[in-house]
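Visitor: Mind having a look at this structure? Questions to follow.
The values are calculated or read from the model by the stated rules, or taken from the named source; none is laboratory data. Note that the coordinates shown come from a computational prediction; the quantities given were computed from them, not determined experimentally. Using ideal geometry, Cβ is built from the backbone for each residue, glycine included, and neighbour counts are taken over all protein chains shown.
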Amino acid sequence: MAHGSCGASAGSPDGGGGEVTDPALITLASDRLQVSVAPTFGARVTELRDLASGRNWLVSGPTVGSPDNDAQYLGEQARGWDECFPTVAPCVHPDWPEPLRDHGEIWGRRTHCELSDACILSSSQVGDCLFQRWLIVTGSTIHLRYRLTNEGKTSLPWMWSQHCLLRSRTGDRLFLQGVDGALQLSGATGQASETDSSFHWPCFNAERPDLRDPQAQPSAWACKAYGSVAEFCEAGIRNEQESIRFRWESSQMPFVGVWLNHGAWPADKPVHQLAFEPTTAPADDLNHAALAGHARWLPAGQEDEWTLTIQLNELPGRPTTA
C-alpha cells in the first residue's frame, strides 16, 4: 500500500515540532486530503477537505458551545465531527455519578492532542474512563482507531456514536449498504402524513420515495433512524466526480444511525446537514440503550477498541494513493 506524503502543523510546540499556524487548530494532510482538529473543543474535526477538488465535506462554521454540564447542542453548535460518549442525548444514569450532558461529555471541552507525521492522537478523561482516538491520514484514507480504558474500580455502562455532519451539494446522491432489514425510526419532523415506525432504505414513504437525492425533498423535513449492520456497513455521498465513504464492521460497531435534516431542525434556526453514524447502540441516550440491552459495560481495569475508515474516492484520471 503506497502512502502519500504527509505534512502536519499545530498551534502548540507540544504537537511534535510542526509549524505553528493557528493556535486553535492542529492540521494534518496527505497529498489527497486534509483534516483540522480543535484540541480546545473536544478534538472536533472542523475540516475534512479533498485537496483534489477543494471540497470540505463537513458542515463548517465556528466552534460554538459551552463546556458546562448544562450545555445544549442545537443548530449553532451542530457543525463538524464530534465523538459522542458515553451518551448522545442528555440523561441520568445511576452508574454515572453526575448527569450526562447533551451530545456527550467530550465535545466543547479541552482535549489533550499529540501530533506526529501522519497521526493525531486525542485523549479525553471522562470520569474514570480514558477515551482515545488515533486519526491516521494515508493518501485518500482516514484510518480511525479508538480505545476506551476504564481506570476506575467499578464497571461502567457506555455508548458511543461518531457524529460526522456532512453537507450535500446539487448532484450528490446518498448511499447506504449493509443494513440488515429495516431502519427503525427514532423521530421525524415536518412529515405531513402519518409515519410508520420503520422503513427500508431508500424509500421513507409515498411522500418521500427516494432519500438518495438530498436536494429533491419536497419540504422542510428531518428524521433520525437506526439500523442493524449485517457484516459491514458502507455509507456516504457520491456524485459523478467525487465521493466520501464510511466503512466499518458489525463485529465492532453493530449499528448505524441515519440523520437527515433538510431544514427542519432546530425549530428556531433550522440547518441543513446529514450523517451516517457508526454506533454501539440504536438509541439516543445511554438510559434507553441500557433498557434495550444495548449498553456496553467495561469492567474496571479493562479496555475496548474499535476501528473504521473514511475513504475519499478518486477523481477521474487520479490514481489511488492509499
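Visitor: If you go through region 276-302, how many residues are surrounded by 21 or more Cβ atoms within 10 Å (Cβ to Cβ) and over 17 Å from Gly104 (Cα atoms)?
Guide: Count: 1.
Visitor: Residue check, Val258 against (1) among the aliphatic types (A, V, I, L, M); (2) in contact (Cβ under 8 Å) with a residue 12 or more places away in the chain; (3) more than 30 Å from Asp304 (Cα to Cα), all met but one. Which one?
Guide: (3)
Visitor: Do you know which of the residues in region 267-322 that are in a loop (DSSP other than H, G, I, E, B) and among the charged types (D, E, K, R) is modelled with the lowest pLDDT? Working first, answer last.
Guide: Just the residues of region 267-322 that are in a loop (DSSP other than H, G, I, E, B), to begin with: 267-270, 280-285, 292-295, 299-302, 313-322.
Subset that is among the charged types (D, E, K, R): 268-269, 284-285, 314, 318.
Details: Asp268: 90, Lys269: 89, Asp284: 96, Asp285: 98, Glu314: 56, Arg318: 46.
Among residues in region 267-322 that are in a loop (DSSP other than H, G, I, E, B) and among the charged types (D, E, K, R), the one modelled with the lowest pLDDT is Arg318.
Visitor: Taking Ser155, is it touching a strand residue (DSSP E or B) at 6+ places or on another chain (Cβ under 6 Å), modelled with pLDDT of 95 or more, crowded, with 18+ Cβ neighbours inside 10 Å and small (Gly, Ala, Ser)? Before you say what the answer is, go through the steps one by one.
Guide: On the way: touching a strand residue (DSSP E or B) at 6+ places or on another chain (Cβ under 6 Å): yes; modelled with pLDDT of 95 or more: yes; crowded, with 18+ Cβ neighbours inside 10 Å: no; small (Gly, Ala, Ser): yes.
Here the answer is no, as Ser155 does not meet what is asked.
Visitor: Only residues that are touching a Leu at 6+ places or on another chain (Cβ under 7 Å) and not aromatic (Phe, Trp, Tyr): list them for region 206-230, please. Step through it out loud before you land on a result.
Guide: So the first thing to find is which residues in region 206-230 are touching a Leu at 6+ places or on another chain (Cβ under 7 Å), and the list is 211-212, 214, 222-223, 225-227.
Passing the criteria: Leu211, Arg212, Pro214, Ala222, Cys223, Ala225, Gly227.
Visitor: Which of the residues spanning region 219-260 are among the aromatic types (Phe, Trp, Tyr) and either more than 16 Å from the chain's Cα centre (by Cα) or more than 25 Å from Asn56 (Cβ to Cβ) (or both)? Explain how you work it out, then say what you get.
Guide: Kept after step one, since they are among the aromatic types (Phe, Trp, Tyr), are these residues of region 219-260: 221, 226, 232, 246, 248, 255, 259.
Within region 219-260, Trp221, Tyr226, Phe232, Phe255 meet the criteria.
Visitor: Which of the strands (runs of 3 or more DSSP E) found entirely inside region 19-79 contain at least 3 residues meeting this: of a type in the set (Val, Ile, Thr) and surrounded by fewer than 21 Cβ atoms within 10 Å (Cβ to Cβ)?
Guide: Working: elements: 26-29, 33-38, 44-50.
Qualifying strands (runs of 3 or more DSSP E): none found.
Visitor: A follow-up question, please. Cβ-Cβ distance below 8 Å, separation of 6 or more or different chains: which pairs start in region 275-290 with a residue that is within 20 Å of Pro94 (Cα to Cα) and end on one that is aromatic (Phe, Trp, Tyr) and not in a strand (DSSP E or B)?
Guide: Thr280/Trp160; Leu286/Trp96
Visitor: Out of the residues in region 134-166 that are in contact with a Leu (Cβ under 7 Å, 6 or more places away or on another chain) and assigned to a loop (DSSP other than H, G, I, E, B), which is farthest from Ala292 (Cα to Cα)?
Guide: Among residues in region 134-166 that are in contact with a Leu (Cβ under 7 Å, 6 or more places away or on another chain) and assigned to a loop (DSSP other than H, G, I, E, B), the one farthest from Ala292 (Cα to Cα) is Ser140.
Visitor: Which members of region 96-129 meet the condition of being within 18 Å of Gly80 (Cβ to Cβ), out of contact with any helix residue (DSSP H, G or I) (no Cβ under 8 Å at 6 or more places or on another chain) and part of a loop (DSSP other than H, G, I, E, B)? Working first, answer last.
Guide: In the first step, residues of region 96-129 are kept if they are within 18 Å of Gly80 (Cβ to Cβ); the result is 101-111, 113, 120, 122, 124.
Cutting the leftovers down to out of contact with any helix residue (DSSP H, G or I) (no Cβ under 8 Å at 6 or more places or on another chain) gives us 101-106, 120, 124.
Residues satisfying the conditions are Arg101, Asp102, His103, Gly104, Glu105, Ile106.
Visitor: Ok, one more. Could you tell me whether Ser186 is hydroxyl-bearing (Ser, Thr, Tyr) and closer than 27 Å to Lys269 by Cα? Give the steps one after another, and end with the answer.
Guide: Working: hydroxyl-bearing (Ser, Thr, Tyr): yes; closer than 27 Å to Lys269 by Cα: yes.
So Ser186 passes the test.
Visitor: Among the residues of region 201-245, count how many are surrounded by 18 or more Cβ atoms within 10 Å (Cβ to Cβ) and among the hydrophobic types (A, V, I, L, M, F, W, C).
Guide: Within region 201-245, residues that are surrounded by 18 or more Cβ atoms within 10 Å (Cβ to Cβ) and among the hydrophobic types (A, V, I, L, M, F, W, C) number 12.
Visitor: Search region 182-209 for residues being outside any strand (DSSP E or B) and aliphatic (A, V, I, L, M), and hand back the single one that is nearest to the chain's Cα centre (by Cα).
Guide: Step one: of region 182-209, the residues outside any strand (DSSP E or B) are 182, 190-197, 201-202, 204-209.
If we keep only those that are aliphatic (A, V, I, L, M) as well, we get 182, 192, 206.
Values: Ala182: 22, Ala192: 29, Ala206: 30 Å.
Top of the filtered list is Ala182.
Visitor: Out of all the residues in region 94-113, is one or more on the phi > 0 side of the Ramachandran plot and among the small types (Gly, Ala, Ser)?
Guide: Yes, region 94-113 contains at least one residue that is on the phi > 0 side of the Ramachandran plot and among the small types (Gly, Ala, Ser).
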